[in-house]
1. Quick one: Cα centre-to-centre distance for region 59-81 and region 94-170, in angstrom?
2. At a 1.4 Å probe radius, carbon and sulfur cover how many percent of the accessible area of region 63-170?
3. Stretched out fully, how many nm does the piece from His137 to Ala94 gain, at 0.36 nm a residue minus the Cα gap?
4. Mean separation of Cα pairs under 8 Å and 6+ residues apart, divided by the residue count of the chain: what relative contact order is that in percent?
5. Any idea of the accessible area per residue across the chain, 1.4 Å probe, to the nearest Å²?
6. Place a +1 charge on the Cβ of each Lys and Arg in region 1-155 and a -1 charge on the Cβ of each Asp and Glu, then give the dipole magnitude about the Cα centre in debye, rounded to the nearest 20.
7. Between Lys30 and Asp70, what is the label-to-label distance in nm when each label sits 7 Å out along the Cα-to-Cβ direction?
8. Go ahead and run the numbers for FRET between His155 and Thr49, Cβ-Cβ distance against an R0 of 41 Å, rounding to 0.05.
Amino acid sequence: VIGAGVMGAGIAAQVANAGIPVLLLDIVLKEGTDRDAVAKGAVAKMLKTEPAPFMSKAAAKLVETGNIDDHLSRVAECDWIIEAIVERLDIKQALYAKLEALKRPGTPISSNTSTIPLGALVDGRSDQFKADFLITHFFNPPRYMRLIEIVRGAHTDAAVAEKVEDFVDR
């Protein structure tokens, strides 16, 4: 999960609640020495939040934290990449350009956006990226609002979408 804000962190927690290891990445702050502080802080905050995003402290231990400057290449290891960053098309597209060079073909990549059209998100990306891309709009808070809107694009590969649908049906 890229983006450790309220939604990204909540999505990471819910995946961990299913017993699946999660890599949670965010930006590096300009101040401080801990380059993973944003993602680490999100996990620490969720452990104190009520209602609790995590079902247990054991689930929280399944969330590995990092940052996009040092650890973005790790998306090549991931079975699903979820983007939950700021709702700015230019920032999302810049991230997608980086992800396109790193991700494995056939690995689903989705955005949690509810405001930016899918076609605009993938504009300028390769056919493979477009085939692997969809919107997965989780509702907040993900643990308690058991709703997800899955939006396929004109180029989304049905098998990729089915991977995501099968995962969320668990």
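1. Region 59-81 and region 94-170 have Cα centres spaced 17 Å from each other.
2. Answer for region 63-170: carbon and sulfur cover 51 percent of the accessible area.
3. On the way: separation 43, 0.36 × 43 = 15.48 nm, distance 2.02 nm.
Answer, rounded to one decimal: 13.5 nm.
4. Relative contact order here is 21 percent.
5. Computed with neighbouring chains in place, this is 51 Å² per residue.
6. Computed about the Cα centre, the dipole is about 340 debye.
7. Output for this residue pair reads 2.0 nm.
8. Here the calculated transfer efficiency is 0.60.
The values are calculated or read from the model by the stated rules, or taken from the named source; none is laboratory data. What you see is a predicted model; the values in this text were computed from it and never measured. Backbone-built Cβ (ideal geometry, glycine too); neighbour counts: all protein chains shown. The protein model used for the area step is the full one, side chains on, heavy atoms only, and it has no ligands, DNA or RNA in it. Shrake-Rupley method; radii C 1.70, N 1.55, O 1.52, S 1.80 Å.
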